[in-house]
Amino acid sequence: MIPTENSYQQASEITLMQEQKLQELLAYVAENSPFYKDLFSKHNIAITAIKTIADLALIPPTVKDDLQQRNDDFLCVSRDKVIEYTSTSGTLGRPVTIALTEKDLDRLAYNEYNSFLCADGSADDTYQLMLTLDRQFMAGIAYYLGIRKIGAGIIRLGPGVPALQWETIKRLKPTAIVAVPSFILKLIQFAKDSGIDINSTSVKKAICIGENIRNNDFSLNILGKKITESWNIQLYSTYASTEMQTAFTECGEGKGGHYQPELVIVEVLDENDQQVEPGAPGEVTITTLGVEGMPLLRYKTGDICMYYDEPCACGRTTLRLSSIMGRKKQMIKFKGTTLYPPALFDLLNEREEILDFVIEVSSNDIGMDQVSLFIVPADESEECDHRIRAYLQARLRVSPHIKYVTVEEIQKIQFSEASRKAIKFIDKRA
Ligand SMILES: [Zn+2]
């Protein structure tokens with residue numbers, strides 16, 4: 001299959017193509033999806049009334065809770081047609097199964113083929129995959145299929161084990177890695193500790209999954225900077241989710257994840273389900289196109305980001321999504337400003353006066369969000385305290401409640417729930 005690179009087309013052509021595919025989707029789910037049959041009948045929706053992208057607003061959004069409560073009712077095919085059962089991670093609630101048919105796997109491959117092309121991939125590349133292909137993880141399969149389609153080499157090494165990663169890099173000379181950014185930092189540290197000269201290895205680029213590497217203005221964030229200060233490689237961020245079966249991947253310009261309009265219709269919605277303006281935060285809401293097993297109509301992902309609609313310097317004309325600012329459930333409304341935990345993490349990680357921290361959000365007696373910061377300061381001087389407060393005041397424009405604690409105290413807070421990973425954000429709101 002030779003892709004039609006829809007990302008370069010005129011907006012009007014793309015809209016026509018999407019509206020055609022939307023008609024097909026509506027007819028298909030009205031016929032085959034128990035969930036959408038119920039939804040259309042409950043809300044008196046005549047699918048023939050929905051012709052344009054704007055008409056989508058007539059359909060109430062689907063939310064994660066729907067998928068959790070009625071998971072099987074989203075399946076549009078008989079079970080003998082299902083090839084892969086993938087699953088969401090379930091970090092926020094019960095995991096959801098997404099079943100894929102043969103055709104869906106082809107679509108997934110095409111999606112990731114486009115993604116890797118966008119991230120300057122070619123048949124000359126060899127990718128070392130530092131992630132699992134097991135545990136029903138859709139992204140692992142997607143990367144594998146997409147890279148195969150490009151004709152590049154694949155080394156399926158799996159996550160973790162820096163020593164083995166480096167040994168394999170030396171032996172098989174991959175040109176690119178696919179990894180979680182914080183793991184790339186661990187790789188760098190391991191290389192430094194063991195005298196490996198990382199800048200003389202074959203690796204020239206990294207596809208970064210699962211964590212942000214950029215701020216909202218596309219500059220590299222702390223994590224992105226820490227990686228590139230030590231290792232001279234190009235970073236490409238990618239954002240995807242199991243439910244949407246589609247990725248938004250950066251090109252070499254690094255100005256947001258590119259939209260694949262033949263595979264999804266994306267809306268970025270405010271709290272009243274209205275499309276926000278470019279550059280304003282909203283919830284990523286998708287309608288899958290060409291999905292056979294479990295298609296979704298106006299699915300609200302819970303991910304908050306911004307979109308930009310001016311053409312990219314790479315020549316693609318479709319919109320781009322910023323880094324994910326946070327999860328909708330974790331939004332903090334604090335003294336008139338709206339905050340998400342990742343932005344606070346970046347702020348607090350940036351200062352050498354702050355050695356460690358925990359952010360706690362609670363509701364006060366009138367139901368407003370309260371933010372308390374537990375901070376391990378670099379020293380106990382008044383000057384250090386003053387610098388921390390002035391910095392937070394300047395960057396947040398409001399003053400959160402600060403409590404200074406010792407290293408032992410913060411570890412008690414971070415590991416209170418017998419978790420293996422340090423907890424840095426505690427949500428005590430009702
Ligand atoms: Zn671009």
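The values are calculated or read from the model by the stated rules, or taken from the named source; none is laboratory data. It should be emphasised that the depicted structure is a prediction, and the values quoted were computed from it without experimental measurement. Neighbour counts are summed over all protein chains in view; Cβ atoms, including those assigned to glycine, are modelled from backbone coordinates with ideal geometry. Keep in mind that these areas ignore ligands, DNA and RNA; they rest on the heavy atoms of the full protein, side chains included. Shrake-Rupley method; radii C 1.70, N 1.55, O 1.52, S 1.80 Å.
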Simple spin-label estimate for ILE222 and ASP273 in nanometres, 7 Å along Cα-Cβ: 3.9
Estimated FRET transfer efficiency when R0 is 60 angstrom, pair GLU380-ASP80 (beta carbons, to 0.05): 0.35
Using the basic label-point model (7 angstrom from Cα toward the beta carbon), what is the LEU164 to ASN199 distance in nanometres? 3.0
In percent, how large is the relative contact order of the stretch 49-103, given Cα pairs closer than 8 Å and 6 or more residues apart? 27
Extension gain (nm, one decimal) between LYS192 and ASP124, 0.36 nm per residue minus Cα-Cα: 21.6 nm
Counting as exposed only GluC sites (Glu not before Pro) in DSSP loop states with no more than 11 other Cβ atoms inside 10 Å, the longest exposed-site-free span of the chain is 1-270
Per the 1.4 Å probe, what fraction of the accessible area of the stretch 1-146, in percent, lies on carbon and sulfur atoms? 51
So for R0 = 35 Å, FRET eff. of LYS51-SER87 from the Cβ-Cβ r, to 0.05, ends up at 0.50
Options GLY151, GLN128, VAL77, ranked by Cα towards positive dipole end of the stretch 59-154, top entry (Cβ charges): VAL77
Lys/Arg Cβ at +1, Asp/Glu Cβ at -1, dipole of the stretch 335-430 taken about the Cα centre: which of THR406, ALA378, ALA343 is farthest positive-ward? ALA343
Among the DSSP beta bridges whose two residues both lie in the chain, what percent are antiparallel, rounded to the nearest 5? 60
As straight-line cross-link partners of LYS412, the qualifying lysines (C-alpha separation under 19 Å, not fewer than 8 residues apart within one chain) are LYS403, LYS421, LYS424, LYS428
Label-point separation (nm) for ALA11 and ASN349, each offset 7 Å from Cα along Cα-to-Cβ? 3.5
Rounded to the nearest whole Å², what accessible area per residue is found for the chain with the 1.4 Å probe? 47
Under 37 °C and 0.692 mPa s, how fast does the stretch 1-98 diffuse according to Stokes-Einstein, given a Kirkwood radius computed over C-alpha pairs? Answer in µm²/s, whole number. 208
Specify the inter-centroid distance of the stretch 327-349 and the stretch 22-43, based on alpha-carbon positions, in whole Å. 37
Stretched fully, the stretch from SER399 through ASP38 gains (0.36 nm per residue minus C-alpha distance, one decimal, in nm) 125.1 nm
